[in-house]
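The values are calculated or read from the model by the stated rules, or taken from the named source; none is laboratory data. Because the structure is a prediction, the values reported are computed rather than measured. Here Cβ is always computed from backbone atoms with ideal geometry, including for glycine, and neighbour counts include all displayed protein chains.
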Amino acid sequence: MKLNIKKSKDLEKDNRNIDFFYKPVNSKRGMSVGVCKDSGLIQSFQTKEKPSKRIQSISCDADWGNIRHGKGLRFDIFHNVVDKHINYNKIREVLDIGSNRGNFTNFILNQSQNISVVAVEPDKNIVSNYKDLDRVQFYNNRFGEVDLEKKKFDFVYCSHTLEHANSAKGMLEKISSHTKKEGYLFLEVPNLCNIEDSNIVEEFFIDKHTFHFDRTNLKNLVISYGFQLLYENSIEDKYNITLLFKKSSIKSDLIVPDENLYKLHKSNILKYQVNLQDNRRILKDLVENKLNPLLDRQKVGIWGAARIFDALVKYGKLNTKKVGILVDGHLWDKIDEVHGLKIHRPEYLRVYEPQVVLILARSAEENLAKRANLFGVRHVIRFNELMDQYND
């Protein structure tokens, strides 16, 4: 496939070695996804200029984004991992790459009065709660454009940012050069295994992500820049890869990848493409024969106002006028309404008292179902259970 790449100088891409074969659904940047024939690294390249204005979108397609809530969703994972490995009293200089709404920056400042943070965030509209704090040096820019001079850090936090890089290698090289010997790197990215979810209805290859990582490629990439792996989350987590590294002068051996990652990843992406199309056709039947009749019969609340909800409306033709209440614990204070429905805090379920709550989530599905029960909801329906009826 011949592509008109707009920013070829910024991305690591020898186009002769990359096979482009998938175009994400409804990409506003004309994205094309390719796999490197040598390394198996998966990259997305834009063939159109990105929109000049940032538009918030809960779309289930490639144009999802700009809500800036994903890092907050994942922040609690940081406690479970890092608290066990790091003594905060020994940390002084911290780098927060993609500091977003300040969840991590504000947290780490509270761990010790001796900690100072360099926070880097390109979206100036979400940084008011930390950018002017005494121990924060704030850069309103992309990490690749920031001159850190000769600064070295004890701890680098990079959560769901590497996948946005113009150059993943360039970002990791820069991180390595600014990490002290024995310094730490916390790194988390979306997991490519997400595309193997049999019930997926959301486009994985969104416009804002330029790199897509499997565990082997990501770990090898970081290790090659002088880090040793201290922790990784369970391979059972299909949605995120969570890693903690320590900078070391001792070289770690690279992991031997599965034979021919290029063929494996290409095959999985092509299977995902078919599965995504099939599941979106299923949504129409699911809504017509199960969900819309349920909305007619009972008082129904929906928990989850993001991408699965959008897919049910866009591809399943869900009758939103019959939805009693829409709640979302992470979106209620960031977006006023979705598909004509106001988004409420989950606690409003106590007030509305729905007979049934439909849970639209992935990894958090069980947790949300338990919380709905605590709010007095007796009957909970999980989206994945409905899809399993078709895919089993």
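Assorted remarks:
- In the range 103-112 there is no residue matching the filter, namely being farther than 16 Å from VAL82 by Cα, assigned by TED's automatic domain parsing to the domain that holds VAL82 and more than 23 Å from the chain's Cα centre (by Cα).
- Positions within the range 295-306 being surrounded by fewer than 20 Cβ atoms within 10 Å (Cβ to Cβ) and assigned to a helix (DSSP H, G or I), in sequence order: ASP296, ARG297
- Meets criteria (closer than 30 Å to LEU283 by Cα and modelled with pLDDT of 95 or more) for LEU187: no
- If you filter the range 237-254 down to residues that are loosely packed, with under 13 Cβ neighbours inside 10 Å and not acidic (Asp, Glu), you find that the one that is farthest from VAL94 (Cα to Cα) is LEU254.
- Qualifying residue in the range 96-108 (condition: surrounded by fewer than 21 Cβ atoms within 10 Å (Cβ to Cβ), out of contact with any Asp or Glu (no Cβ under 7 Å at 6 or more places or on another chain) and acidic (Asp, Glu)): no
- Given (1) surrounded by fewer than 18 Cβ atoms within 10 Å (Cβ to Cβ); (2) more than 26 Å from the chain's Cα centre (by Cα), number of the condition LYS370 does not satisfy: (2)
- Test: residue in the range 168-179 that is part of a loop (DSSP other than H, G, I, E, B) and more than 28 Å from ALA62 (Cα to Cα): yes
- Considering ASN268, ASN275, ASN292, ASN279, the condition of being part of a helix (DSSP H, G or I), of a type outside the set (Gly, Ala, Ser) and in contact with a Lys or Arg (Cβ under 9 Å, 6 or more places away or on another chain) is satisfied by ASN292 alone.
- Selection of strands (runs of 3 or more DSSP E) fully inside the range 16-90 by the criterion of at least 1 residues being surrounded by fewer than 18 Cβ atoms within 10 Å (Cβ to Cβ), touching a residue at least 24 places away in the same chain (Cβ under 8 Å) and not assigned by TED's automatic domain parsing to the domain that holds ILE335 returns 18-22.
- Extreme residue, surrounded by the most Cβ atoms within 10 Å (Cβ to Cβ), among residues of the range 189-222 that are in a helix (DSSP H, G or I) and charged (D, E, K, R): LYS219
- Residues of the range 340-367 classified as under 26 Å from the mean Cα position of the chain (by Cα) and over 26 Å from ILE195 (Cβ atoms), total: 9
- Extreme residue, modelled with the lowest pLDDT, among residues of the range 48-66 that are within 22 Å of LEU192 (Cβ to Cβ) and of a type outside the set (Asp, Glu): GLY65
- Matching residues, the range 144-159, being outside any strand (DSSP E or B) and closer than 25 Å to LYS90 by Cα: LEU148, GLU149, LYS150, LYS151, LYS152
- The set of residues in the range 353-367 being free of Cβ contacts under 8 Å to residues at least 60 places away in the same chain and either assigned by TED's automatic domain parsing to the domain that holds VAL201 or surrounded by fewer than 16 Cβ atoms within 10 Å (Cβ to Cβ) (or both) consists of GLU353, GLN355, GLU366, ASN367.
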